[in-house]
Amino acid sequence: GAMVLEAAVVAQQGGAVDEAVARMDALRRGHKIYFVPDNLDNLVKGGRASKFQGLATSLLDIKIVVSLSETGAIEVVHKCRGLKAAATYLARQLACDAEELGSLAYYKLYLKAPHALDELSRAVDRVVERGALEGSRFLTLGTIGPVIATHVGLGAMGLMRFPLECHSEALGDLSPYLTPHFE
């Protein structure tokens, strides 16, 4: 969704198709996305985790942080105990990425997980208060789409980040585009 919005700005401003594709390609190369499933049920059903792993993580309240590799494979990047620890890891990883790459644009992601989103917001706020994300910009809350949701399931949270220079200021507030409103 972020790539499409960035390409749409290029088109809206009269840019060529090649410019829009270049903007999307830069964002694709520079982005990183992290997810924390509430449980491993969907990963077990999809054959990406064993039943034993699913049971053990549930009983021990172990949260895994997964990311998508460059090839699109889901890989475990961290394991911790509890939601608060997982949210703290995501926020610290965002700060590390900003230190390495410079200013970032980022989204907070969730799927029917307001409690997880609250925990993530508190963790990111702590990092911001320390000045670790200076120059970076929170863009909006986004819902996790159906393809990723198939793997991470309901109750998941996450972060998506990319270099701030890949973001067009012309987009302004992204929430009307990315957050569905049901009546």
Task: Heavy atoms of Ile62: accessible area, 1.4 Å probe, square angstrom to 10 - done: 50 Å²
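Between the DSSP loop rule and a limit of at most 13 other Cβ atoms within 10 Å, which GluC sites (Glu not before Pro) in the stretch 99-151 are left? Kindly include the intermediate steps, with their values, before the conclusion.
Details: sites: Glu99, Glu100, Glu119, Glu129, Glu134; in loops: Glu134.
Those satisfying the criteria are Glu134.
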TODO: Grab the beta carbon distance between Val9 and Arg48, set R0 = 41 Å, and tell me the FRET efficiency rounded to 0.05.
DONE: 0.70
Task: Over the chain: helical MRE at 222 nm, DSSP H runs n ≥ 4 each giving -39500 (n - 2.57), nearest 500 - done: -14000 deg cm²/dmol
Open item on the list: Need one number: nm distance between label points at Leu59 and Arg126, each 7 Å from Cα along Cα→Cβ, rounded to one decimal.
Closed with: 2.9 nm
Open item on the list: Angle check, please: helix 17-30 long axis (alpha carbons) against the longest principal axis of the chain (alpha carbons), in degrees 0 to 90, nearest 10.
Closed with: 30 degrees
- [ ] Calculate, for Leu154 and Asp118, the FRET efficiency according to 1/(1 + (r/R0)^6) with r their C-beta to C-beta distance and R0 22 Å; round to the nearest 0.05.
- [x] 0.85
Open item on the list: Starting from the 7 Å offset along Cα-to-Cβ, what nm value, one decimal, do you get for the label separation of Arg29 and Thr143?
Closed with: 3.4 nm
Task: Which of Met3, Met160 is most accessible, then next, and so on - probe 1.4 Å - done: Met3, Met160
Task: Accessible surface ranking that places the most exposed of Cys80, Cys96 first, with a 1.4 angstrom probe - done: Cys96, Cys80
Task: Karplus-derived HN-Hα couplings along the stretch 135-144 (A = 6.51, B = -1.76, C = 1.60, θ = phi - 60°), whole Hz, x at Gly and Pro - done: x, 7, 9, 6, 8, 5, 7, x, 8, 5
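Over the stretch 69-148, average the accessible area per residue using a 1.4 Å probe and give it in Å², no decimals.
Details: 4370 Å² over 80 residues.
Roughly 55 Å² per residue, with all protein chains present.
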Task: Glu19/Val77 FRET efficiency (R0 30 Å; Cβ-Cβ; nearest 0.05) - done: 0.35
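Going by average Cβ neighbours within 10 Å, how do the peptides 105-115, 51-61 rank, with the highest at the top?
Working: 105-115: 20.0, 51-61: 12.7.
Going by the mean number of other Cβ atoms within 10 Å, highest first, we get 105-115, 51-61.
Using a 1.4 Å probe over the heavy atoms of the protein chains, calculate the carbon and sulfur portion of the accessible area of the chain as a whole percent.
Working: 5520 of 10150 Å².
Solvent-exposed carbon and sulfur of the chain make up 54 percent of the total.
Just the number, please: Stokes-Einstein D of the stretch 27-147 in µm²/s, Kirkwood Rh from C-alpha pairs, 20 °C, 1.002 mPa s. It would help to have the intermediate numbers written out before the result.
On the way: Rh = 15.2 Å.
This corresponds to a translational diffusion coefficient of 141 µm²/s.
The values are calculated or read from the model by the stated rules, or taken from the named source; none is laboratory data. If you're wondering where the values come from, they're calculated on a predicted model, not measured in any experiment. Every residue, glycine as well, gets a Cβ built from its backbone with ideal geometry; the counts of neighbours run over all protein chains shown. Protein only, heavy atoms only, side chains kept; ligands, DNA and RNA dropped before computing areas. Shrake-Rupley method; radii C 1.70, N 1.55, O 1.52, S 1.80 Å.
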